[in-house]
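So the structure is just underneath, and the comments pick up after that.
The values are calculated or read from the model by the stated rules, or taken from the named source; none is laboratory data. Keep in mind that this is a model prediction, so the values were computed, not measured. Ideal geometry is used to build each Cβ from the backbone, glycine not excepted, and the neighbour counts take in all protein chains shown.
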Amino acid sequence: MTRRKFLGTTLTGGATLIAGESNMIFAASSPAVTEADGNSLFRLGGDLPVNRLGFGAMRLTGEGIWGWPADRGNALKVLRRAFQLGVNLIDTADAYGPETSELLIAEALHPYPKDLVIATKGGLTRPGPGQWMPNGRPEYLTQCVEKSLKRLRLERIDLYQLHRIDPKVPMEESLGALKKMQEAGKIRHVGLSEVSPEEIERARKVLPIASVQNQYNIDNRRWEKTLTYCEKEGLGFMPWSPIGGNRGLKDNALEAAAGGHRASVIQLALAWLLHRSPVMLPIPGTSSVAHLEENVAAAKLKLTAEDWKRVDALAR
Ligand SMILES: NC(=O)c1ccc[n+]([C@@H]2O[C@H](COP(=O)([O-])OP(=O)(O)OC[C@H]3O[C@@H](n4cnc5c(N)ncnc54)[C@H](OP(=O)(O)O)[C@@H]3O)[C@@H](O)[C@H]2O)c1
């Protein structure tokens with residue numbers, strides 16, 4: 001089955017969500033629907049309201065997350081459309097491109113709307129296309145923050161995430177550098193990526209942590225314990241590869257889970273994430289305006305508790 005295949009899904013109140021190449025009842029262009037409908041709020045760090053379904057800007061770069069995209073104008077369109085659709089949490093990193101993802105965000109959206117939250121990251125270097133290497137040395141991270149500020153044309157970064165804990169550098173030293181940048185007013189909140197509850201606890205001894213970004217989706221729940229920790233502590237949990245990344249999702253499970261009406265596998269997977277936890281902040285990535293519209297419409301998909309149980313059981 002292709003990723004574009006439509007699925008039947010029973011919706012509360014008999015509503016139907018159809019999103020795809022030709023049929024899109026709940027698409028943003030529908031006059032009946034407020035564009036941000038269903039995309040409920042989460043307060044990052046307790047004070048920064050974001051609509052829970054965000055956007056990941058990694059896929060806007062060139063092949064291998066390297067360089068500029070073939071169609072730069074299209075990348076700018078995707079970013080502007082995301083905000084227009086009610087997305088106000090955009091995730092990026094200095095390593096995406098490197099640099100080009102942050103530069104595209106500034107080109108598309110600066111001067112920024114007041115309620116737009118840009119979350120960037122540092123701590124992974126890029127030796128070449130498809131290659132990623134951690135560097136958590138404090139002096140390197142300090143420089144990363146300064147450079148991201150410049151590229152994003154910001155005075156303060158709302159959420160700065162340590163992209164990876166560098167096994168060669170004690171976490172306390174890496175986070176110590178971010179703490180200094182926070183004290184200098186250059187970072188508002190700090191987040192972590194690919195971490196266990198124990199690592200979060202250790203990090204919180206250095207500075208407050210607002211969010212965690214770990215790989216998680218309906219097929220891959222390896223970080224369940226971290227999600228539970230985030231729920232308990234009220235930290236935002238941003239699942240990366242929320243629709244399976246390059247490999248996609250095991251569509252059969254979701255297909256089997258679907259009943260009478262129509263939605264796409266991807267919409268069902270995103271709606272499942274939003275339903276799974278109130279701290280869940282999915283950041284699906286795409287280089288396509290059509291896919292973006294399909295993904296954002298997933299926030300409006302409402303299933304009954306029974307349906308969710310069925311989806312969950314089959315997807316496991
Ligand atoms: N913290 C980390 O270590 C880390 C690692 C990886 C990613 N991230 C973040 O997480 C975000 C999302 O992760 P991801 O990009 O790996 O995975 P993803 O969002 O699960 O999947 C993106 C892939 O799905 C395709 N896609 C998106 N919407 C689609 C649709 N409606 N129909 C069909 N295909 C669709 C995209 O291709 P098209 O462009 O063709 O739509 C792209 O290939 C990234 O942008 C980045 O911000 C963080």
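Details
- Arg188 vs. criteria modelled with pLDDT of 95 or more, among the basic types (Lys, Arg) and farther than 30 Å from Ser287 by Cα: no
- Residues that are under 23 Å from Gly97 (Cα atoms) and either aliphatic (A, V, I, L, M) or not in a loop (DSSP other than H, G, I, E, B) (or both), drawn from the range 40-68: Phe55, Gly56, Ala57, Met58, Arg59, Leu60, Ile65, Trp66
- Positions within the range 294-316 being over 15 Å from the mean Cα position of the chain (by Cα) and within 22 Å of Val50 (Cα to Cα), in sequence order: Glu294, Ala297, Lys300, Leu301, Lys302
- Checklist (1) modelled with pLDDT of 95 or more; (2) surrounded by 22 or more Cβ atoms within 10 Å (Cβ to Cβ); (3) under 22 Å from Val279 (Cβ atoms) applied to Glu198, failing item: (2)
- A single entry from Leu254, Leu268 fulfils the requirement of being within 12 Å of the ligand (Cβ to nearest atom) and either at pLDDT 85 or above or at negative phi (or both): Leu268.
- Hey, Asn135 away from the ligand (no atom under 13 Å from the Cβ) and polar (S, T, N, Q) or not: yes
- Condition met for Met280 (near the ligand (Cβ under 9 Å from one of its atoms) and either surrounded by fewer than 23 Cβ atoms within 10 Å (Cβ to Cβ) or modelled with pLDDT of 95 or more (or both)): no
- Among the residues of the range 143-169, those identified as in a helix (DSSP H, G or I) and either at pLDDT below 95 or more than 15 Å from the ligand (Cβ to nearest atom) (or both) are Gln143, Val145, Glu146, Lys147, Leu149, Lys150, Arg151.
- Filtered residues of the range 183-221 (kept if within 16 Å of the ligand (Cβ to nearest atom) and acidic (Asp, Glu)): Glu194, Glu199, Asp219
- For the range 287-311, a tally of residues being in a loop (DSSP other than H, G, I, E, B) and either crowded, with 17+ Cβ neighbours inside 10 Å or at pLDDT below 95 (or both) returns 5.
- The residue of the range 228-249 that is farthest from Leu270 (Cα to Cα), among those that are surrounded by fewer than 22 Cβ atoms within 10 Å (Cβ to Cβ) and touching a residue at least 40 places away in the same chain (Cβ under 8 Å), is Gly234.
- Test: residue in the range 222-241 that is within 11 Å of the ligand (Cβ to nearest atom), modelled with pLDDT under 95, of a type in the set (Gly, Ala, Ser) and assigned to a loop (DSSP other than H, G, I, E, B): no
- Screening Ser148, Ser174 for residues that are of a type in the set (Ser, Thr, Tyr), farther than 24 Å from Pro284 by Cβ and in contact with a strand residue (DSSP E or B) (Cβ under 7 Å, 6 or more places away or on another chain) leaves exactly one candidate, Ser174.
- Once the range 116-131 is narrowed to residues that are surrounded by 14 or more Cβ atoms within 10 Å (Cβ to Cβ) and more than 17 Å from the chain's Cα centre (by Cα), the residue that is farthest from Gly45 (Cα to Cα) is Arg126.
- Criterion (more than 27 Å from Val169 (Cα to Cα) and within 14 Å of the ligand (Cβ to nearest atom)) met by exactly one of Gly62, Gly97, Gly86: Gly62
- Ile90 vs. criteria surrounded by 18 or more Cβ atoms within 10 Å (Cβ to Cβ) and not in a strand (DSSP E or B): no
- Arg153 surrounded by fewer than 16 Cβ atoms within 10 Å (Cβ to Cβ), out of contact with any Gly (no Cβ under 8 Å at 6 or more places or on another chain) and farther than 28 Å from Tyr229 by Cβ: yes
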